[in-house]
Amino acid sequence: MDIYKRFTYLREQRGLNKSAYAKFLSITPSEISDIENGEIEPSKRIISRLVEKQNINAGWLLTGLGEPFLKDEIEPPKPAILQELEKTAIEATA
């Protein structure tokens, strides 16, 4: 799959038509068409917006290697009991 097909794949994953995807990325619908038709490559600005707004793996978009989407690296909140134990341990060593 080339960069143009990967770009189309990302739009389709959001379930958006070209006009809506253009609005989402703050570009023109003709830019979306030009990229998907292989007439131009996505600019650094567009790639940056994809990474920011859609959590895209830029390496995958550019090369096809890796996973399309970056995993959320947000740690889930700790259970209250664990928080209390950590607090007690910190107080005990202070």
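If you take the residues in region 26-52 that are touching a Leu at 6+ places or on another chain (Cβ under 7 Å) and under 12 Å from LEU10 (Cα atoms), which one is most open to solvent (accessible area, probe 1.4 Å)?
Only one residue tops the list, namely ILE47.
Given (1) open to solvent by 50 Å² or more (accessible area, probe 1.4 Å); (2) in a helix (DSSP H, G or I), identify the lone condition not met by GLY59.
(1)
Could you grab me the full set of residues in region 5-25 that are open to solvent by 60 Å² or more (accessible area, probe 1.4 Å) and either in contact with an Asp or Glu (Cβ under 9 Å, 6 or more places away or on another chain) or at positive phi (or both)? Before the answer, list the steps.
Taking region 5-25 as the starting set, the residues that turn out to be open to solvent by 60 Å² or more (accessible area, probe 1.4 Å) are 5, 9, 12-15, 17-19, 23.
Hits for region 5-25 are LYS5, GLY15, LYS18.
Filter region 24-50 down to residues that are of a type in the set (D, E, K, R) and modelled with pLDDT of 95 or more, then give me how many there are.
Qualifying residue count, region 24-50: 4.
Out of all the residues in region 51-94, which are among the hydroxyl-bearing types (Ser, Thr, Tyr) and modelled with pLDDT under 80?
The answer is THR93, and nothing else.
The values are calculated or read from the model by the stated rules, or taken from the named source; none is laboratory data. All figures in this text were calculated on a predicted structure; none of them were measured in a lab. Using ideal geometry, Cβ is built from the backbone for each residue, glycine included, and neighbour counts are taken over all protein chains shown. Only protein heavy atoms, including side chains, enter the accessible area calculation; ligands, DNA and RNA are left aside. Shrake-Rupley method; radii C 1.70, N 1.55, O 1.52, S 1.80 Å.
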